[in-house]
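Would you mind keeping the following structure in view while I ask a few things?
The values are calculated or read from the model by the stated rules, or taken from the named source; none is laboratory data. Please read all numbers here as calculations on a predicted model, not as lab measurements. Here the Cβ positions follow ideal geometry from the backbone for every residue, glycine too, while neighbour counts run over all protein chains shown. These accessible areas exclude ligands, DNA and RNA; they are computed on the full protein's heavy atoms, side chains included. Shrake-Rupley method; radii C 1.70, N 1.55, O 1.52, S 1.80 Å.
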Amino acid sequence: MLFFTALGLFIFRGANGTKDKFRANPNDPSLAHLETIPTATGKKLLCSGFWGISRRPNYLGDLLMATAWSLPCGKYCHPINLLICPQNFPRSA
């Protein structure tokens with residue numbers, strides 16, 4: 001349980017931290033090693049690091065933490081809800 005919580009938190013915080021830093025300043029020198037691709041609107045998308053492995057790594061981290069918290073109870077309602085309810089995964093603009 002602790003392993004999945006720690007792994008989920010690492011992925012969740014790492015992915016969101018990278019995304020937030022990139023959105024604030026795409027030319028930040030600490031992000032220079034990350035690859036990007038241009039979009040039709042002229043913006044850039046991250047395609048390496050956490051964001052090169054998974055389309056939505058922050059949701060993967062959230063799902064891992066929810067599963068870990070559900071394990072002691074023997075109930076898996078929250079992780080299943082995260083997977084099947086589309087409103088939990090809003091479309092990217």
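Below 11 angstrom from the Cβ of CYS47, what's the summed charge of the other residues (Lys, Arg +1; Asp, Glu -1)?
With Lys, Arg at +1 and Asp, Glu at -1, the neighbours total +1.
Report the residues of region 1-19 in range of a label on SER70: point 7 Å along Cα→C-beta, backbone N strictly under 13 Å from it.
none
While we're here: As a test of reading the structure, rank ILE53, ILE11 by solvent-accessible area (1.4 Å probe, protein chains only), most first.
ILE53, ILE11
Counting only other residues whose beta carbon sits under 15 Å from that of SER30, what net charge do I get with K and R as +1, D and E as -1?
On the way: positive: LYS19, LYS21, ARG23; negative: ASP20, ASP28, GLU35.
So the environment of SER30 carries a net charge of 0.
Keeping all protein chains in position, work out how much accessible area ASP62 exposes to a 1.4 Å probe, and write it in Å² to the nearest 10.
Answer for ASP62: close to 50 Å² accessible.
I would also like to ask the following. Taking all protein chains together and a probe of 1.4 Å, list THR5, THR36 from the most accessible to the least accessible.
Reading off the accessible areas and sorting them downward yields THR36, THR5.
Sorting LYS43, LYS19 by accessible area (1.4 Å probe), largest first, what list results?
LYS43, LYS19
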